[in-house]
Amino acid sequence: MGRETEKAQETYASAGVDLDAAGRALEFVKGQARTTFRPEVLTGIGPFAGLFQLSGFKEPVLVSSADGVGTKVRIAIALDRHDTIGVDLVNHCVNDIFTCGAEPLFFLDYIAMGKLVPERVAGLISGLSLACRDAGCALIGGETAEMPGIYAAGDYDLAGFIVGAVERDQLLHGTPLEAGDAVLALPSSGLHTNGYSLVRRVFDLDRNASTALAASYPELGRTLGEELLEPHRCYYRVLKGALRGGAAQAGEEEGVRRIKALAHITGGGIVDNVARIIPQGLVAHFRSGSWPVPPIFDLIRKRGNVGEAEMYRVFNMGIGMVLICPRAHVDELIASVPEARLVGEVAEDAGKERVAIS
């Protein structure tokens, strides 16, 4: 009998997973994460779990959220620019928990890649760390997974998990709204992280990304790619002073809130997100034209022949955060947050619709 051919020794690397690259990426992550640590962080990056000692609260309510950045990652991949996607993710999550009045405490990320490229991980972590530092939020852990066969070599996805806290008596949840309350809005920086599947279709980005993203538009004042990668705004530092302050004015009922409710305008646009905070029997009326709509939205509408109602259901249309407040506090709020605009009011309505745009 002939001698059997010796079979090549299999390794994890031959299966598409590079443990050495993972180790190099982890060393960078450790250094960046340390720049975000708060005094309450008890461990560095490396152990099996992150430890955070809650302090400074009398009756804390923990507030958590998890999210991703959707198909905006396709734009980052096409442009090979990955330092803004992490900013998008953190800011989105911070805004979500801030709608309950929560201070962001700590954040964890999940990065899944077809092939682990340490430089790409470094770009993502740099953005995550930058946004965490800006929000005073500790990046205490995460996971970077190399998953050949699930993701193509150049593809990746990014998700995040955030925990914050708020004193129970300051919780923005279930505060009664009433007819006559004012609707204020803070501007977005563009698309933020929603509507990108429609945008990719409108501009044919799946077939012609490099040319389409490099095109300049006079109304944008920059290339389409630069516009689409504009980071998601964070509203925590802008609004936390207005939310924490604002005791009732002389003669007012004690405990009157200056801000009753917040709505972060994400997937579902103005219509679906504001509806989440408007109770049955009321409707939030928005006056179109009372706030500036960035030109990217008109460009999408015209180029894709997208109907007006669809635009308001998919995109933020220039509004990143909506505030509901008593009419008596409008001037005070605008004085403390000058970019806030009065865009509508809450009214009684027995119908099914919670939001109306006139």
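Rule-based calculations on the coordinates, nothing more; no lab input. Here the structure is a predicted model, which means the values were calculated and not measured. Please note: Cβ atoms are built from the backbone with ideal geometry, for glycine as well, and neighbour counts cover all protein chains shown.
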Given a Förster radius of 30 Å and the C-beta distance between residue 285 and residue 222 as r, what FRET efficiency does 1/(1 + (r/R0)^6) yield to the nearest 0.05?
0.30
Here, residue 197 and residue 49, labelled 7 Å along Cα→Cβ, have an inter-label distance in nm of 3.5 nm
Please list, in chain and number order, the residues 5+ apart from residue 145 or on another chain whose amide H is under 5 Å from its amide H, with Hs placed from the backbone.
111, 112, 113
With label points built 7 Å along Cα→Cβ from the Cα atoms of residue 40 and residue 179, find their separation and express it in nm.
4.2 nm
Residues whose modelled amide H sits under 5 Å from the amide H of residue 65, counting only those 5 or more places away in sequence or on another chain, are 162
Report the FRET efficiency, 1/(1 + (r/R0)^6), for residue 30 and residue 208, where r is their Cβ-Cβ distance and R0 is 30 Å, rounded to 0.05.
0.15
Of the candidate values [x] 1.04; [y] 1.22; [z] 1.02, the one computed for Rg/Rh (Cα atoms, Kirkwood Rh) from this structure is [x]
Suppose R0 equals 51 Å; then what is the FRET efficiency for residue 215 and residue 347 from their Cβ-Cβ distance, rounded to the nearest 0.05?
0.75
Using helices alone, what [θ] at 222 nm do you get for the chain, with -39,500 (n - 2.57) per DSSP H run of 4 or more residues, divided over all residues and rounded to the nearest 500?
-9500 deg cm²/dmol
Under a 5 Å amide H to amide H cut-off, with H placed in plane at 1.01 Å, what residues pair with residue 321 once short-range neighbours are removed?
186, 265
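For residue 57 and residue 147, compute 0.36 nm times the residue count separating them, minus their Cα-Cα distance, and round to one decimal in nm.
So the extension gain works out to 28.3 nm.
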By how many nm would the segment from residue 169 to residue 276 lengthen if fully extended, with 0.36 nm per residue of separation less the alpha-carbon distance?
36.4 nm
